[in-house]
Amino acid sequence: MHEEEQSYSVRNELLERLRALEGPQTTGTLAELSYKRAREALERALEEARTIRLQAIEDARATRERELTALMESMRSLRESAERQIQELFQTAEIEIGRMSSRAKADAQAIIERASAEAAEMKTEAAAIRAGAEERVRSVDRIETDFNHVIAQIAERVGLTEKPGEGWWQRFSQKK
């Protein structure tokens with residue numbers, strides 16, 4: 001913009017000088033011819049300056065277009081690169097999810113197997129304890145029966161004829 005103002009002021013100054021030369025002219029053909037040639041040279045110079053200025057503007061526009069095209073291409077390339085990276089991240093995440101899922105399933109299966117084994121072991125132990133307890137109950141019942149039998153024999157020898165209905169052991173073991 002500053003260059004336009006300078007070229008405009010230079011042009012005006014040259015035109016003013018030419019007009020000043022037009023003022024009091026002698027009828028001499030040499031001065032007229034010089035004036036005419038100077039005027040034509042000035043007009044050609046102004047036209048050439050205008051053409052150069054227009055060409056410079058066109059060159060600047062073309063340069064800006066090339067730069068804009070290069071910038072757009074660079075942005076497109078960056079966008080494609082970012083999209084590829086995002087796709088790779090998704091693929092990596094899917095692979096990692098698959099691994100973690102497989103690992104979690106394997107861990108869960110191992111926990112289930114351990115729990116099942118422990119439950120089976122506990123069941124076996126409980127069955128053994130129950131069998132032991134049942135055997136003790138039978139043993140206590142036998143001892144109680146034997147005790148009642150022995151006491152009944154002793155009571156007969158001693159002359160006690162009255163037998164308790166619940167049995168001797170129950171009678172002696174009841175708290176009163």
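The values are calculated or read from the model by the stated rules, or taken from the named source; none is laboratory data. The structure presented is a predicted model; accordingly, all values stated were derived computationally and were not measured. Virtual Cβ from ideal backbone geometry, glycine too; neighbours counted across all protein chains shown.
Picking from R11, R39, which residue would you name as being in contact with a helix residue (DSSP H, G or I) (Cβ under 9 Å, 6 or more places away or on another chain), of a type outside the set (S, T, N, Q) and at pLDDT below 75? Selected residue: R11, the only one of R11, R39 that is in contact with a helix residue (DSSP H, G or I) (Cβ under 9 Å, 6 or more places away or on another chain), of a type outside the set (S, T, N, Q) and at pLDDT below 75.
Do we have A38 as part of a helix (DSSP H, G or I), closer than 30 Å to S9 by Cβ and out of contact with any Pro (no Cβ under 9 Å at 6 or more places or on another chain) here? Yes, satisfied.
State the number of residues belonging to segment 37-96 that are acidic (D, E) and within 20 Å of the chain's Cα centre (by Cα). Before the answer, list the steps.
The first filter runs over segment 37-96 and keeps only residues acidic (D, E), leaving 40, 43, 47-48, 58-59, 65, 67, 73, 80, 83, 88, 94, 96.
Now narrow it down to the ones that are within 20 Å of the chain's Cα centre (by Cα): 80, 83, 88, 94, 96.
Adding up the residues that qualify gives 5.
On the given criteria, is I151 more than 45 Å from the chain's Cα centre (by Cα) and modelled with pLDDT under 90? Step through it out loud before you land on a result.
Details: more than 45 Å from the chain's Cα centre (by Cα): yes; modelled with pLDDT under 90: yes.
So I151 fits the description; yes.
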